Amino acid sequence: MVQTDGEHYFTARPATADERREVAVRLAGREVVVQTARGVFSGERLDPGTSVLLPLITDGDAPGDVLDLGCGWGPIALTLALRRPHQRVHAVDVNERALDLVRRNAERLGVEVRAQLPDEVDEDLRFTEIWSNPPIRIGKPALHALLQRWLPRLAPGGAAHLVVQKNLGADSLQRWLEEGAVPGTSTTRTATAKGFRVLSVSRPA
């Protein structure tokens, strides 16, 4: 995870110049061109952790609401929208520049993504799936608070999929989740690749 010009990608209003660039990436099995910028997470490429998570997003016709938590410029949300045309895809980030990029990229790709600040999301909304490359560098207390805010919003039978670098605390995060940090859920490690773990947090139906 990167830090740009002394400020974190999780800054609400990045002070770095809003220099937009186009990047070619592969999402949902196709080559696409998206817009990125300085001051957002992985603004120059597809993050390696995200590249581990994206192949786990399969095509589907079931309805429901799904969430990209900490969306950045939107690779997870865009992949969900491309593969799940019948689902309502939500993208959440504290970085307003990132949310603007998600909206622009969704429009460019002809898909719908509801990109919002955390406090703008309807409190009553429940998600069938949550996908996230969470912002580990905000620190353990803030990360735990973030997950304890959003993981309880899984619908019955829902699951969250988190990709975390092994060297940045994936195993300790798994232990924390397994010890009951989010009551009513169970956690398993579902994939390991390129130095990353994918942790799946499930809520019984």
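The numbers here are math on the coordinates, done by the rules we state, and not lab data. The shown structure was predicted, so the numbers you read here are calculated from the model rather than taken from an experiment. Virtual Cβ from ideal backbone geometry, glycine too; neighbours counted across all protein chains shown.
Before moving on, here are some points about what is shown:
- Once the chain from L56 to S186 is taken as fully extended at 0.36 nm per residue, the excess over their C-alpha distance is 44.9 nm.
- Options (1) 51, 50, 33; (2) 43, 39, 33; (3) 81, 29, 28 - which one matches Cα extents along the principal axes in Å as calculated here: (2)
- Using the rule -39500 (n - 2.57) for each DSSP H run of four or more residues, divided by the residues of the chain, the 222 nm mean residue ellipticity is -7000 deg cm²/dmol.
- What the Cβ-Cβ distance of E44 and K140 gives, at R0 = 25 Å and to the nearest 0.05, is a FRET efficiency of 0.40.
- Distance between the modelled labels on H86 and Q35, one decimal in nanometres: 3.2 nm (7 Å Cα→Cβ projection).
- Label point distance in nm, R20-R108, each placed 7 Å from Cα along Cα→Cβ: 0.8
- Added length on full extension, which subtracts the Cα-Cα distance from 0.36 nm per residue, L125 to E96: 8.3 nm
- When V33, V102, V111 are arranged by Cβ crowding within 10 Å, least crowded first, meaning fewest neighbours, the order is V33, V111, V102.
- Residue exposure proxy: I138, I130, I76, ordered by other Cβ atoms within 10 angstrom of their Cβ from fewest to most, comes out as I138, I130, I76.
- For H90, the residues whose amide H sits under 5 Å from its own are V66, L67, D68, R114, ignoring neighbours fewer than 5 places away on the same chain, with H placed 1.01 Å from N.
- A simple spin-label model places the labels of E178 and Q148 2.1 nm from each other, with each point 7 Å out along Cα-to-Cβ.
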